[in-house]
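The structure appears below as structure tokens.
The values are calculated or read from the model by the stated rules, or taken from the named source; none is laboratory data. In this text, all values refer to a predicted model and were calculated from it rather than measured experimentally. Glycine also receives a Cβ, built like all others from the backbone with ideal geometry; neighbour counts cover every protein chain displayed. Areas reflect the complete protein model, heavy atoms only, side chains present, ligands, DNA and RNA absent. Shrake-Rupley method; radii C 1.70, N 1.55, O 1.52, S 1.80 Å.
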Amino acid sequence: MTERDPLRTHFDAFQERSTSTAIPPSVEEIPRRLRRTRRRRTVAVVLAALALIALVTVPSWRNSGPPPIPTNSPTPTPSASPSPSSSAVVAAPPPVSPSSTSASGASSSRGATCTTSARGNPMVNGVEAQLTQDYGTTMIPKPANLFEVCPAARLAFVKVIYDWSIDRQQYVLVSNVSYALTQSQPSMTRPKPSVVSSCGGIVVLIVPGRSVPSSIPRSVQDSAQPNSAAYTYLGKSGQVIMDLIEIYSYSNVTSRSYCVPASPPA
């Protein structure tokens, strides 16, 4: 006789007991149980869908950027040193000394001194003011802030013209026109150039524009370099701004018939 499988024997016994003890639901109960089962499945499906959505969206929330910075500033940590009392006085910074005057005479108007040189020119902090040109067309003072530093200053100059005098047989002063820069007229157009005769002549601007020579000495005219010698000679009267210096030695100029007196008729 074939030996029966013990596992099969236990299973059959369990099935027999379950069938005998199970109480089947009534006919009316079966639809209700089916509805409950469907609701449970629906709820389970909805919960699973929500869980899936949460898994997808949460990482994007984490990567959306840093949290907003609070508008309120953090409370500063008190310093270890004791704070001054309300009656403490804060010391004022030391006064700034005025800047020193450069070689050109330019300086700050604060603390500057205004005097007059021996030649009659205004001086700023001991430096004599000069006359200069802006692009060769406009006469302006140097330093440029002369009239800010010294409102009462007057920078005078003259335009002088020397031409050959046939009667006196030398270069003499034929024109002397005065000008001046002041606070009300701090610049002006350069005087127009002038012409001289074919016997030679000189056209210059001179500062301070006073005590200019009335003639050019023969020694200057007959020097090895008459033009340079004339410039140096006129420079003794003040600053010279040259327009034209073209003079000749005495023997040269008198060798020209139009530069000497006409011979009397025989």
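Points worth noting:
- Where a residue in segment 221-236 is farther than 14 Å from VAL207 by Cα and its partner, wherever it lies, is at pLDDT below 95 and surrounded by fewer than 16 Cβ atoms within 10 Å (Cβ to Cβ), with Cβ under 6 Å and at least six apart: none
- Scanning segment 188-233 for residues that are under 24 Å from ALA118 (Cβ atoms) and open to solvent by 30 Å² or more (accessible area, probe 1.4 Å) yields ARG210, SER211, SER214, PRO217, TYR231, THR232, TYR233.
- Scanning segment 158-186 for residues that are within 35 Å of the chain's Cα centre (by Cα) and within 28 Å of TYR233 (Cβ to Cβ) yields ALA180, LEU181.
- For segment 245-256, the tally of residues that are in contact with a strand residue (DSSP E or B) (Cβ under 9 Å, 6 or more places away or on another chain) and either at positive phi or surrounded by fewer than 17 Cβ atoms within 10 Å (Cβ to Cβ) (or both) stands at 2.
- Scanning segment 119-138 for residues that are open to solvent by less than 20 Å² (accessible area, probe 1.4 Å), in contact (Cβ under 8 Å) with a residue 60 or more places away in the chain and either within 23 Å of SER194 (Cβ to Cβ) or in a strand (DSSP E or B) (or both) returns a single hit, LEU131.
- Taking each residue of segment 28-54 that is modelled with pLDDT under 85 and looking for partners that are hydroxyl-bearing (Ser, Thr, Tyr) with beta-carbon atoms closer than 8 Å, six or more apart or interchain, yields nothing.
- Residues in segment 178-205 that are of a type in the set (Ser, Thr, Tyr) and out of contact with any strand residue (DSSP E or B) (no Cβ under 8 Å at 6 or more places or on another chain): SER184, SER198.
- One residue stands out among those in segment 153-187 that are of a type in the set (Val, Ile, Thr) and touching a residue at least 40 places away in the same chain (Cβ under 8 Å): the one that is surrounded by the fewest Cβ atoms within 10 Å (Cβ to Cβ), which is ILE166.
- Residues (buried (at least 16 other Cβ atoms within 10 Å of the Cβ) and assigned to a helix (DSSP H, G or I)) located in segment 234-244: LEU234
- VAL220 closer than 30 Å to GLN130 by Cβ and assigned to a helix (DSSP H, G or I): yes
- The single condition among (1) modelled with pLDDT under 85; (2) in contact with a Ser or Thr (Cβ under 7 Å, 6 or more places away or on another chain); (3) closer than 30 Å to ASP222 by Cα that ARG119 does not meet is (2).
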